[in-house]
Every structure is written in structure tokens, then in C-alpha cells.
Ligand code: FES
Ligand SMILES: [Fe+2]
């Protein structure tokens with residue numbers, strides 16, 4: 001029997017670079033390796049700090065294969081724990097978010113933990129004086145706050161936060177102080193939209209990293225940022241921000257005026273859009289009057305939940321100003337992007353994509369993401 005080659009044999013022409021093979025987007029075993037090597041080993045942005053506005057407010061999130069509960073202590077600090085009771089393992093908090101008065105109590109046999117995670121009460125605990133309440137406290141998860149968000153790391157030895165998270169912004173913007181000008185941690189939430197995307201998380205990252213698709217699927221965005229219509233990823237040159245088109249007054253769906261620029265945004269940053277990818281699962285978009293932050297929760301090889309927050313100056317939100325025109329612009333971009341990712345996902349298991357596809361020159365930098373991913377998977381498998 002003769003077989004027909006699936007893809008043309010021989011080396012690729014220099015204009016093209018190979019992508020990952022299709023199995024990287026469909027194989028549950030590769031996804032499991034990513035959970036171990038990335039989502040359970042690196043810093044993951046999970047909860048907006050201001051959402052937990054009082055002691056005892058909590059939010060549960062999926063991080064790799066673990067459920068994590070993030071809460072605020074009576075002293076006002078954020079803490080993260082594995083959402084698992086130390087008695088017989090019941091899930092402690094079953095709601096996605098909530099508020100307790102003082103303690104977290106397991107709904108099974110009522111073991112009770114304070115907001116620092118210590119075991120403080122259990123039925124008949126006084127008759128078990130040998131039980132160490134620290135040892136049977138909740139399992140702590142490392143937590144850092146940056147840009148007004150809680151970032152957690154499940155690893156016992158978390159990588160450097162500065163090197164692996166903060167550095168992404170420095171590398172992209174070329175100036176360590178540039179992101180500080182937006183004062184993201186002081187901004188208020190104007191709008192949150194959660195998208196349940198039926199696609200592998202890497203399709204979403206790769207899409208975010210290129211603008212070859214912008215002219216085809218983002219009519220509103222390319223009106224506001226005409227250089228995006230050219231498809232070349234100028235947005236990824238260090239320090240470069242895409243400039244608003246002539247006559248565009250603000251980063252809104254129809255180019256109408258937005259709000260006043262954030263107070264410390266510099267003259268060079270004004271009328272420009274900057275996009276930052278913080279691997280593996282965060283995108284930060286900076287425009288003069290607001291910040292859009294996406295954080296992804298990869299739930300399966302073909303499913304990713306994306307929470308997107310639109311953040312404005314506190315006085316804009318407090319005044320009840322209508323943010324819908326600026327929200328609508330990136331909401332449409334999100335819907336256009338996620339529809340493209342969902343259109344791509346089923347084809348990842350096609351024999352046509354068995355050895356992957358190709359990247360054109362304006363997408364070649366996505367090869368760096370693939371190299372990063374393969375190195376992380378490789379390093380983890382050798383641990
Ligand atoms: S499993 Fe939580 S108290 Fe028993
Ligand atoms: Fe896009």
C-alpha cells in the first residue's frame with residue numbers, strides 16, 4: 001500500500017516557521033503535563049484584590065488540577081490555601097465566592113479553620129489533645145500582589161516573581177517604570193466579562209501575540225489603531241505602542257472620546273495602546289484612560305475560561321460614568337478573537353494538522369512562546 005504524505009516534504013521556505021503539532025492542542029496527556037509544569041509551578045494571576053474587600057470574603061479558583069481558596073484575614077492581608085479539608089478531604093468552600101464571618105468551616109464534619117488557616121475547632125477536639133492545630137491547618141499557597149491582583153504559586157519553591165512576572169512588562173515596555181504610570185492597583189472595576197472559550201489556552205495566547213488577523217476580524221480595532229490593519233506585529237517591538245488614528249478621540253468602539261488620561265501616564269504613552277503577555281495566562285492592555293486585564297483559567301485541553309476586567313480611575317467608576325463605549329471595543333475584540341480560536345480548535349485533531357501549521361514572518365515571534373513552552377515541559381519532566 002502506498003501512502004500520501006500529509007504535508008509537503010522538505011524544509012520550509014524561510015518565510016515560514018513551523019507551529020507546534022496539532023496534538024499539543026488536543027492531547028489530554030500534554031495538557032496534564034502543562035498543568036504540572038506551568039499552571040501548578042508558575043505564578044498565576046487569580047483574583048482581583050479589591051474583590052475581597054473585607055475580612056472573610058473569599059473566592060475559589062481552579063489552578064492546574066487544584067481548587068484554591070483566596071481570602072482576606074482579619075488583619076487585612078490576602079491568604080491562599082488549597083481548598084481541601086485536612087480531615088477527610090471535603091472541599092471546604094463550594095461556592096465560587098462568598099463571605100464568612102470569622103472562620104472557614106467544613107460542611108462535612110465541621111472542622112473549623114481561622115482565616116490564617118489554623119485549625120481552631122472541631123467536634124470533640126478537646127478530647128484529642130495530641131492533635132497539633134498548625135499541622136492540621138489548611139495547606140498554604142504562596143501569594144503575591146501585583147497590579148491589584150492576587151497571584152498564587154502552588155510550587156513549594158516558587159520561581160522569582162520579579163524575573164518571571166514583573167519582567168514581562170519590563171521586557172515589553174522597555175522601561176521598568178512604564179507600567180507603573182497606569183497605577184493599575186489603584187484603579188476601580190468598571191466591567192467584568194467572563195468568556196467560556198471552547199479552545200486550548202495556547203490558541204488564545206498565540207492569537208493575542210499576533211496582529212496578522214487584525215485586518216480580517218477586527219474592523220473596530222483597526223479603525224482606532226490603523227497600524228494594526230497592516231498586520232505586522234509592531235505592537236511587539238520593545239517599547240512600541242500602537243498609535244491612535246488621526247481623528248480618533250479615545251479607545252472606544254466608535255473612536256469617540258473616552259475619559260481623561262490616568263494622571264501619571266506620560267506624554268509618550270498618551271494616545272497609544274500597549275499589549276503585554278505575562279506567560280502563561282495573563283494579558284495586560286494599557287490605554288491612556290483605562291487598563292484591560294485578562295486572566296485565563298485553562299480547564300481542559302479544549303476549554304479555557306477567560307475573565308476580563310476593564311479598570312478605570314476610581315472617580316470615573318464612582319461618578320457612574322457610562323463606560324459602555326470603551327468596554328464595547330475590547331469586548332468585540334474578545335468575541336472576535338475567541339470565535340477565531342474556537343474555529344481553529346476542532347481542526348487541531350485533523351490529519352491535515354498532524355504536523356502543525358506555519359507562522360508567517362509577522363508571527364515568527366510566536367516561535368519564542370513555543371520554545372518557552374517546550375523548555376518548561378522538558379525541565380519539568382526531568383525534575
Ligand atoms: S472532611 Fe472536613 S470536617 Fe470532615
Ligand atoms: Fe485579535
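Listing for the model above:
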item: MRE, 222 nm, helices only [DSSP H, n ≥ 4, -39500 (n - 2.57), over the chain, to nearest 500]; result: -5500 deg cm²/dmol
item: Order of 70, 358 - criterion: other Cβ atoms within 10 Å of each residue's Cβ, fewest first; result: 358, 70
item: Contour excess over end-to-end distance, with Cα ends at residue 319 and residue 374 and 0.36 nm allotted per residue; result: 15.0 nm
item: Inter-probe distance in nm under a simple model that places probes 7 Å from Cα toward Cβ, at residue 238 and residue 196; result: 4.3
item: FRET efficiency, 1/(1 + (r/R0)^6) with R0 35 Å, evaluated for residue 270 and residue 213 via beta carbons; result: 0.80
item: Residue 50/residue 354 FRET efficiency (R0 51 Å; Cβ-Cβ; nearest 0.05); result: 0.65
item: Residue order, fewest to most surrounding Cβ atoms within 10 angstrom, among 330, 369; result: 369, 330
item: Rounded FRET efficiency, nearest 0.05, which uses the C-beta distance separating residue 343 from residue 279 and R0 of 30 Å; result: 0.80
item: Contour minus Cα-Cα distance for residue 170 and residue 256 (0.36 nm per residue); result: 27.9 nm
item: Which of 170, 291 has the fewest Cβ neighbours within 10 Å, and the rest in rising order; result: 170, 291
item: Potential extension, residue 186-residue 249 segment - 0.36 nm per residue separation minus Cα distance; result: 20.3 nm
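Values quoted throughout were computed directly from the atomic coordinates according to the rules given, and no laboratory measurement underlies them. Values in this document were obtained by computation on a predicted structure and should not be read as measured data. In this analysis, Cβ positions are derived from the backbone assuming ideal geometry, glycine residues included, and neighbour counts consider all displayed protein chains.
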